[in-house]
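Visitor: Here's a structure for you.
The values are calculated or read from the model by the stated rules, or taken from the named source; none is laboratory data. Not measured: the values here are computed from a predicted model. Cβ atoms come from the backbone with ideal geometry, glycine included; neighbour counts cover every protein chain shown. These area figures cover heavy atoms from the full protein model, side chains too; ligands, DNA and RNA do not enter into them. Shrake-Rupley method; radii C 1.70, N 1.55, O 1.52, S 1.80 Å.
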Amino acid sequence: MIIAKREAGHVHLVISRAEKKNALTRAMYQQLSDEIVRAAADTGVNAIVLSGEGGVFTAGNDLDDFRARATDAHPAPSAGLAFIETLINCDTPVIAAVEGLAIGIGTTLLLHCDSVIAGRSTRFKTAFVDLGLVPEAASTVTMPLHLGARRSADLLLMGDTLNGEEARECGLVSRMVEDGQAVAQALVQAERLSAKPRDALIASKRLIKAPWREMIRDALERERPVFSERLRSEECRAALARMGKR
């Protein structure tokens with residue numbers, strides 16, 4: 001489930017499924033999308049903070065959902081990509097507080113946030129190719145924009161894992177803090193944003209994002225059919241079968 005905490009001038013969304021390392025289900029993606037849309041429409045909200053429960057950000061997509069989509073002849077549209085589109089279109093600043101694990105979409109969604117604060121021991125990994133898949137969430141564009149082509153290849157093709165310091169050095173993370181401090185620091189940033197003139201803040205983010213949004217949306221649409229095709233491939237089905245349920 002997603003816990004929404006409304007505080008003075010900002011909303012804090014907590015991914016709450018600690019027993020599954022906060023793996024995201026279709027229902028949770030829908031909740032996140034709904035809460036972000038609601039917060040963005042609220043004239044009393046200047047910032048959105050996104051974090052995970054239990055010292056973990058998220059282990060990525062729920063594998064049972066993946067398995068179901070891999071065997072469904074007519075799968076429903078991806079709730080995960082709908083959530084990413086919501087992030088792309090959000091004009092309210094989004095701050096991610098990341099601890100523990102940020103796997104798959106747990107890493108790629110960060111590329112759509114305005115600030116990312118991570119604990120020193122956080123592990124970032126995108127194992128798409130290892131699962132017989134291709135990168136998603138427009139990461140084929142957003143990751144090279146943030147990290148450069150070669151570092152992006154390390155993550156998206158090689159499946160390398162980054163720690164908090166490495167993620168900060170390459171630009172995936174805005175600020176690294178000691179473990180357990182990411183949420184507190186994100187809330188400090190949210191409070192600073194909450195004190196600013198809202199209309200100027202929203203207009204400024206819109207201008208900053210304007211040169212990239214169309215390119216990012218195009219990348220999302222290029223990736224979508226290929227990811228769907230790969231999800232139903234024998235390579236992907238075999239990889240999912242080898243992995244234990246989480």
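Visitor: Conditions: (1) of a type outside the set (Asp, Glu); (2) open to solvent by less than 20 Å² (accessible area, probe 1.4 Å); (3) within 22 Å of Trp212 (Cβ to Cβ); (4) not in a helix (DSSP H, G or I). Val134 meets all but one. Number of the miss?
Guide: Of everything listed in (1) of a type outside the set (Asp, Glu); (2) open to solvent by less than 20 Å² (accessible area, probe 1.4 Å); (3) within 22 Å of Trp212 (Cβ to Cβ); (4) not in a helix (DSSP H, G or I), Val134 misses just condition (2).
Visitor: Picking from Val56, Val49, which residue would you name as being part of a loop (DSSP other than H, G, I, E, B) and closer than 27 Å to Thr161 by Cα?
Guide: Val56
Visitor: Say we look at segment 76-90 and pick out the residues that are open to solvent by 40 Å² or more (accessible area, probe 1.4 Å) and assigned to a loop (DSSP other than H, G, I, E, B); which of these is farthest from Ala210 (Cα to Cα)?
Guide: Filtering first and then ranking leaves Ala76.
Visitor: Kindly check whether there is at least one residue in segment 208-215 that is touching a helix residue (DSSP H, G or I) at 6+ places or on another chain (Cβ under 9 Å) and over 23 Å from Asn89 (Cβ atoms).
Guide: no
Visitor: Specify which of the listed residues (Arg67, Arg38) is part of a helix (DSSP H, G or I), out of contact with any helix residue (DSSP H, G or I) (no Cβ under 9 Å at 6 or more places or on another chain) and open to solvent by 10 Å² or more (accessible area, probe 1.4 Å).
Guide: Of the residues listed, the single one that is part of a helix (DSSP H, G or I), out of contact with any helix residue (DSSP H, G or I) (no Cβ under 9 Å at 6 or more places or on another chain) and open to solvent by 10 Å² or more (accessible area, probe 1.4 Å) is Arg38.
Each row is one residue, and each column tells you yes or no for (1) out of contact with any strand residue (DSSP E or B) (no Cβ under 9 Å at 6 or more places or on another chain); (2) assigned to a loop (DSSP other than H, G, I, E, B); (3) under 20 Å from Leu147 (Cβ atoms); (4) acidic (Asp, Glu).
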| site | (1), (2), (3), (4) |
| --- | --- |
| Val183 | no, no, no, no |
| Leu187 | no, no, no, no |
| Ile202 | yes, no, no, no |
| Leu207 | yes, no, no, no |
| Ala210 | yes, no, no, no |
| Arg213 | yes, no, yes, no |
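Visitor: Could you please let me know if Val11 is at pLDDT 95 or above, over 21 Å from Gly100 (Cβ atoms), β-branched (Val, Ile, Thr) and open to solvent by 10 Å² or more (accessible area, probe 1.4 Å)?
Guide: yes
Visitor: Assess whether Leu172 counts as being within 16 Å of the chain's Cα centre (by Cα) and assigned to a loop (DSSP other than H, G, I, E, B).
Guide: yes
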